[in-house]
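Inspection log for the structure reproduced underneath, given as structure tokens.
The values are calculated or read from the model by the stated rules, or taken from the named source; none is laboratory data. Quick caveat, the model's predicted, so the values are computed rather than measured. Positions of Cβ are generated from backbone atoms using ideal geometry, with glycine treated the same way; all protein chains shown enter the neighbour counts. With ligands, DNA and RNA removed, areas are computed over all heavy atoms of the protein, side chains included. Shrake-Rupley method; radii C 1.70, N 1.55, O 1.52, S 1.80 Å.
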Amino acid sequence: MDVTNDSGPRALVVGLGISGIATALRLRQIGWTPVVIERAAARRSGGYFIALFGAGRAAARRLGILDRLTDRGADGVAFDIDRVGGRRAGLGFKDFPGRPWLMTRGDVEEAGFAALPSDVEIRYATVPTRIEQDAGGVNVTLTDASGATSVTERFDLVVGADGLRSTVRRLVFGPHEHYLRRMNYMAVAFQMPGAIPGHDQSDSVILAEPRRSMWIFPFKDRPPTVLLSYHTDDVDAEFGRPKAERVREVFGPEPAGPALGAVLDALESAGDVLFDSVEQVRMDRWHRGRVVLVGDAAWCVTLYAGMGASTGMAGADLLGTMLARHPGSVTEALTRWERQLRPSIGYLQGNGMRMRSLFVPATRFELARRRMMLRVSKMPVTSPLFLWWRSRGKVARMKDMDFAHPGPAVRVRA
Ligand SMILES: Cc1cc2nc3c(=O)[nH]c(=O)nc-3n(C[C@H](O)[C@H](O)[C@H](O)COP(=O)(O)OP(=O)(O)OC[C@H]3O[C@@H](n4cnc5c(N)ncnc54)[C@H](O)[C@@H]3O)c2cc1C
């Protein structure tokens, strides 16, 4: 390969999220020189809940960061509640097939970042504004986030790990509208200041109604994280109003009751609130020449699949493996990487669409079906059978799959 650097091929990694950090780490492990650029002025921390499934834990182990991750999920009681004080046995996070570990997005990013060698170059407040490639390399114009200064540099590979609204994807593959598939749902996530009224801090609590829901994810060592989800007919209009005001409107006009009421109040003063539309990224190809997309930029499966962090790390890990296996040809490595990943990611994207009805039922029928499933899963006679059936299912297999060695024989249990 025609390389631009004495100390191994040089890669530009755009984005310092889970996928970008994992990519930089893996590239460094195989002898490449990654340069990471990040639009934000500093690395973020905290963030909403992340369920890390077997696939993610397998990738984390190979990246050498599994020891830095712990399951912070609380093992309290799971409740399905209504607004007027009704409660019944509900779905806990631990009931999910694959028994994921619960943590925050910041935990995963911190674990990867701590493992990055200190000489990996990271440039904050920097974005790509032009990407041009030829057979031997890629010229990228890097501009500081204020737009004041630019420099053009040459790389052997460019990895777009810059999330759902990826700039690399727009510059190299085309406009967002070609690839983003809106699900017409909004997600609002933030950390509560304390326990939900009437509940222990370790309880999982769900309030599900047609077209709107509230999920409380409990942590062992800090107050819970909330996820509010709701249907919308007009995604663009959602961003034109103050978030808290809009969310109150969506969850009204009925009285909220103590649990939802406390959540809506907390939203008014919450510091770090995620308020965004739920969209998948659908692309026929994730690479073009020497430019490749990884993580949400390439395939965003959405929070409803619960696999974005896992697939981000698994995709980054496998990318390094393929580049190491095909040192003579970046494009050959990218082609094989994509061929291996596509079937699993395709399945998980479908799962993201299906799982939406579990998170937020669209109709009374979906709500009734959800309640019936819950009842079956909690009855003493059917519960063991249900758990066995779920653990044998394809969803569990895919969430636990080791992407580097796919196939049911290599399911991982960390
Ligand atoms: C509420 C919620 C709950 C979730 N729950 C789960 C879960 O339980 N399990 C799970 O596996 N996944 C979950 N996910 C999904 C998961 O968080 C994402 O899939 C994952 O974090 C994506 O990581 P990423 O690095 O690909 O992208 P991002 O996290 O979007 O990171 C992209 C990075 O690129 C930077 N960037 C953007 N544009 C530019 C640019 N032009 N130049 C330079 N840098 C740029 C951004 O600042 C950011 O740092 C959830 C998501 C949400 C919203």
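Worth a mention:
- Taking 0.36 nm per residue of separation and subtracting the Cα-Cα distance, full extension of the segment from Ser146 to Asp233 would add 27.9 nm.
- Accessible area per residue in Å² at 1.4 Å probe, computed on the stretch 162-272: 42 Å²
- Lys, Arg +1 and Asp, Glu -1 on Cβ, resulting dipole of the chain about Cα centre, debye, nearest 20: 1560 debye
- Stretching Asp134 away from Arg154 to a fully extended chain increases their span by 6.1 nm, per 0.36 nm per residue minus the current alpha-carbon distance.
- Counting heavy atoms of the protein chains alone, Tyr48 has an accessible area of about 70 Å² for a 1.4 Å probe.
- D_trans [Stokes-Einstein, Kirkwood Rh over alpha-carbon pairs] for the chain, 4 °C, 1.567 mPa s, µm² s⁻¹: 59 µm²/s
- Under 5 Å, built H, 5+ apart or other chain: amide partners of Gly90: Ala78, Phe79, Asp80
- Helix 383-392 and the longest principal axis of the Cα set of the chain meet at an angle near 10°.
- ³J(HN,Hα), Karplus 6.51/-1.76/1.60, whole Hz, each residue of the stretch 330-343, x for Gly, Pro: 4, 5, 5, 4, 5, 5, 5, 4, 5, 4, 6, 7, 3, x
- Overall, the accessible surface of the stretch 161-243 at a probe of 1.4 angstrom is composed of carbon and sulfur to the extent of 48 percent.
- Remark: the stretch 134-142, residue by residue, has Karplus-estimated 3J(HN,Hα) of 10, 4, x, x, 10, 9, 10, 8, 10 Hz, where x stands for each Gly or Pro and the curve is 6.51 cos²θ - 1.76 cosθ + 1.60 at θ = phi - 60°.
- Gaussian network model of the chain, springs between alpha carbon atoms under 10 Å - residue of Ala59, Ala41, Ala333 with greatest fluctuation: Ala41
- Annotation: extensible slack from Arg325 through Thr363 equals 8.8 nm (criterion: 0.36 nm per residue apart, minus Cα-Cα distance).
- Neighbourhood charge, 13 Å Cβ-Cβ cut-off, centred on Asp233 and excluding it, Lys, Arg +1 and Asp, Glu -1: -1
- Residue of Val108, Val291, Val273 that the Gaussian network model of the chain assigns the largest fluctuation, springs spanning Cα pairs under 10 Å: Val273
- On the beta carbon distance between Arg371 and Arg83, with R0 = 25 Å, the FRET formula returns roughly 0.95.
- Relative to the longest principal axis of the Cα atoms of the chain, the long axis of helix 54-63 makes an angle of roughly 30 degrees.
- Extending 7 Å from the Cα toward the beta-carbon at both Ser118 and Ser269 defines two label points whose distance is 4.0 nm.
- Principal-axis tilt of helix 308-325 within the chain, Cα atoms, nearest 10 degrees: 20 degrees
- The stretch 117-180 and the stretch 279-326 have their alpha-carbon centroids 16 Å apart.
- Accessible area per residue for the stretch 11-150, computed on protein heavy atoms with a 1.4 Å probe, is 39 Å².
- Taking label points 7 Å from Cα along the Cα-to-Cβ direction, Ser7 and Arg39 give a separation of 2.9 nm.
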